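Read the structure below first, then the notes.
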Amino acid sequence: MGYETGIKIRKKEWDVFVFGDANIDLIIPNVNHLPCAGQEELVDTMKTFVGGGAALFTLGLGRLGMHCAFQGVIGDDLYGEFILQEFKEKNIDTRFVSKSKETGTGISLSFTNEQDRGFLTYQGGNAKVNIQNINLEEVSKARHIHITGYEGNRNHREYLQFMKTLKQRQDVTISFDLGWDPEEIWDRKIYELFPYIDVLFMNETEAVHYSGLENVKKAAEKFASMCGTAVVKLGKNGSLAVKNGKLYQVNPFAVQVRDTTGAGDSFNAGFVYGFLMDKDTEECLRLGNACGALSVTALGGNSAFPARKYLDDFLSAE
């Protein structure tokens, strides 16, 4: 029996299985300098939100009416309970979320001002996230899996083996958020993963580094020759994608920016929503741009992410 999300009957238990990080974002806006030792500075506000790219992606899809399962590691603490509550409110299956008694929930302090952002981050349970812990039989209950957490040479072999085995055994599509190489090596062996990826996400800087090309369109064309669809997020310049040799580019939406935390993850959620709803590539980019744009209009990576009706109304008005 399929699962009814309010969109249409699904043949599988979940629309999307998501693997990756979940943490707390403590956002402190309008910080122009940090206090020196022995000093105290007063701020207007501090806000607590769920953070982590994979978690924000999942919450976004949940708000759009898709049923997701999430696998990650949190601490056995108050912050962990806060994350679980947010997931449950978005109808996200949390049975694969592990609680670590050895580490607390990850926390990222975000200091923002009009020019830039800075972070102090404690990985917490996210340091224990391991793709080898994903049960392939459980993933088979989803139409799609979204994968994050790739760290180049540190876990390349595990990611390659997982994707290869998953595609051999299961009828499931894969999206993959490339992410920053923490060692800044930008090893081309990442291309070994691409044949197993249906939707490859990256930002402009990552595309240039991993391709060795200065032209981001050429980089996307190179990647798309090895995967299903290569998508590049261009920030204030919108986004582009290449599929079957054809280039698509969509302009951004003009909004009042308050906090860019999670904009890329919100874009990913909008694009995958369109992908799973069988929208064409240009419309998927438009959905991604809209979700990314709306997400930056309030503090927090997901607090302004649109519900499906609001998204439809926003797009109709443009």
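The values are calculated or read from the model by the stated rules, or taken from the named source; none is laboratory data. Worth saying up front: this structure is predicted, and the values here are computed from it rather than measured. Glycine gets a Cβ as well: all are built from the backbone with ideal geometry, and neighbour counts include every protein chain shown. Please note that ligands, DNA and RNA were not included when accessible areas were found on the heavy atoms of the full protein model with its side chains. Shrake-Rupley method; radii C 1.70, N 1.55, O 1.52, S 1.80 Å.
Listed by first and then second residue, the pairs linking a residue in segment 235-261 that is closer than 27 Å to Gly51 by Cβ to a residue that is assigned to a loop (DSSP other than H, G, I, E, B) and acidic (Asp, Glu), with Cβ atoms under 7 Å apart and 6 or more places separating them unless they lie on different chains, are Phe253/Glu318. Is it the case that segment 65-81 has a residue that's modelled with pLDDT under 95, in contact with a strand residue (DSSP E or B) (Cβ under 6 Å, 6 or more places away or on another chain) and farther than 30 Å from Tyr273 by Cα? No: segment 65-81 contains no residue that is modelled with pLDDT under 95, in contact with a strand residue (DSSP E or B) (Cβ under 6 Å, 6 or more places away or on another chain) and farther than 30 Å from Tyr273 by Cα.
Of all residues in segment 40-51, those that are closer than 12 Å to Ile24 by Cβ have Cβ atoms under 7 Å from Cβ atoms of residues that are open to solvent by 40 Å² or more (accessible area, probe 1.4 Å) and part of a loop (DSSP other than H, G, I, E, B), 6 or more apart or on another chain, in Phe49/Ser303. Scanning segment 193-223 for residues that are farther than 21 Å from Asn153 by Cβ and under 20 Å from the mean Cα position of the chain (by Cα) returns Asp198, Val199, Glu204, Ala220. Among the criteria (1) more than 14 Å from Glu86 (Cα to Cα); (2) out of contact with any Leu (no Cβ under 6 Å at 6 or more places or on another chain); (3) open to solvent by less than 20 Å² (accessible area, probe 1.4 Å); (4) at pLDDT 90 or above, the one Ile27 does not fulfil is (2).
Count of segment 191-216 residues, restricted to those that are within 23 Å of Val172 (Cα to Cα), surrounded by fewer than 21 Cβ atoms within 10 Å (Cβ to Cβ) and not hydroxyl-bearing (Ser, Thr, Tyr), is 4.
The listed residues are Ala317, Ala298, and the only one of them that is out of contact with any helix residue (DSSP H, G or I) (no Cβ under 7 Å at 6 or more places or on another chain), free of Cβ contacts under 8 Å to residues at least 24 places away in the same chain and among the aliphatic types (A, V, I, L, M) turns out to be Ala317. Of the residues making up segment 101-138, those that are open to solvent by less than 60 Å² (accessible area, probe 1.4 Å) and assigned to a helix (DSSP H, G or I) are Gly124, Gly125, Asn126, Ile131, Leu136, Glu138. Please go through segment 139-161 and give me each residue that is open to solvent by less than 40 Å² (accessible area, probe 1.4 Å), closer than 20 Å to Val172 by Cβ and in a loop (DSSP other than H, G, I, E, B), ordered by number. Selection gives Ser140, Thr148, Tyr150. Checked against (1) closer than 30 Å to Asp312 by Cβ; (2) outside any loop (DSSP other than H, G, I, E, B); (3) among the charged types (D, E, K, R), Lys12 passes all but a single condition, namely (2).
Conditions tested, residue by residue: (1) of a type in the set (Val, Ile, Thr); (2) assigned to a loop (DSSP other than H, G, I, E, B); (3) open to solvent by 60 Å² or more (accessible area, probe 1.4 Å).
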residue	(1), (2), (3)
Lys218	no, no, yes
Val231	yes, no, no
Thr261	yes, yes, no
Phe275	no, no, no
Lys279	no, yes, yes
Glu283	no, no, no
Leu287	no, no, no
Ala304	no, yes, no
Leu315	no, no, no
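State which residue is surrounded by the fewest Cβ atoms within 10 Å (Cβ to Cβ) when the search covers only segment 78-100 and only residues that are assigned to a strand (DSSP E or B) and of a type outside the set (Val, Ile, Thr). Going through the qualifying residues, I end up with Arg95. Filter segment 38-77 down to residues that are among the β-branched types (Val, Ile, Thr) and either closer than 24 Å to Leu178 by Cα or in contact with a Ser or Thr (Cβ under 9 Å, 6 or more places away or on another chain) (or both) and give me whichever is surrounded by the most Cβ atoms within 10 Å (Cβ to Cβ). Filtering segment 38-77 for residues that are among the β-branched types (Val, Ile, Thr) and either closer than 24 Å to Leu178 by Cα or in contact with a Ser or Thr (Cβ under 9 Å, 6 or more places away or on another chain) (or both), the one surrounded by the most Cβ atoms within 10 Å (Cβ to Cβ) comes out as Thr58.
Looking only at segment 236-250, residues that are open to solvent by 20 Å² or more (accessible area, probe 1.4 Å) and either in a loop (DSSP other than H, G, I, E, B) or in contact with a Pro (Cβ under 8 Å, 6 or more places away or on another chain) (or both) come to 4 in all. For segment 9-24, the tally of residues that are basic (Lys, Arg) and closer than 25 Å to Gly80 by Cα stands at 0.
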